[in-house]
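The values are calculated or read from the model by the stated rules, or taken from the named source; none is laboratory data. A quick note: this is a predicted structure, and the numbers were derived from the prediction, not measured. Neighbour counts are summed over all protein chains in view; Cβ atoms, including those assigned to glycine, are modelled from backbone coordinates with ideal geometry.
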Amino acid sequence: MQRDSPYRSWSARAVRARPEYLGDHLGKLPAVATLHFEEWPEVGDSLDARQKALSTCCRRGGIPLGVVALDQDILCGFALLVTEDFELRPNLSRWLAGVFVRPQHPKREWALRS
């Protein structure tokens with residue numbers, strides 16, 4: 001018996017999700033900030049401060065950069081590309097950071113769609 005491959009066609013599952021620039025969906029910024037704030041509370045800031053910090057990721061063609069995963073207009077997850085994310089290695093730059101997929105949207109092969 002052949003096992004189902006996790007890499008089978010997305011169209012077979014009728015998934016309509018797509019990656020989009022956060023800057024093209026500014027209305028999603030409060031939801032992204034809330035999810036980020038809830039997932040990483042150890043940063044020790046406020047929700048308003050987190051939203052202000054994440055607003056710097058609302059651009060195209062530069063870093064920091066925010067990308068959201070949308071299924072139609074539903075926010076499924078997000079990822080950030082930042083200049084620095086590891087204080088012990090300041091010589092390393094451009095980090096994929098803050099990657100989050102909402103629990104109700106797992107295993108949809110987001111990384112394979114780019």
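The residue that is surrounded by the most Cβ atoms within 10 Å (Cβ to Cβ), counting only those in region 24-43 that are without any contact (Cβ under 8 Å) to a residue 12 or more places away in the chain and closer than 24 Å to Ser93 by Cβ, is Val43.
With the condition being of a type outside the set (A, V, I, L, M, F, W, C) and modelled with pLDDT of 90 or more, I'd like the strands (runs of 3 or more DSSP E) fully within region 19-112 carrying at least 1 qualifying residues.
65-71, 74-82
Entry remark, region 72-101: residues being surrounded by 15 or more Cβ atoms within 10 Å (Cβ to Cβ) and not small (Gly, Ala, Ser) number 10 in total.
For region 62-97, name all the residues that are over 15 Å from Pro19 (Cα atoms) and either in contact (Cβ under 8 Å) with a residue 60 or more places away in the chain or out of contact with any strand residue (DSSP E or B) (no Cβ under 8 Å at 6 or more places or on another chain) (or both). Correct list: Gly62, Glu87, Leu88, Arg89, Pro90, Asn91, Leu92, Ser93.
One line per residue, one yes/no per condition, for (1) under 15 Å from Phe100 (Cα atoms); (2) under 12 Å from the mean Cα position of the chain (by Cα):
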{"residue": "Pro19", "(1), (2)": "yes, yes"}
{"residue": "Gly23", "(1), (2)": "no, no"}
{"residue": "Leu29", "(1), (2)": "yes, yes"}
{"residue": "Glu38", "(1), (2)": "yes, no"}
{"residue": "Glu42", "(1), (2)": "no, no"}
{"residue": "Leu65", "(1), (2)": "yes, yes"}
{"residue": "Val68", "(1), (2)": "yes, yes"}
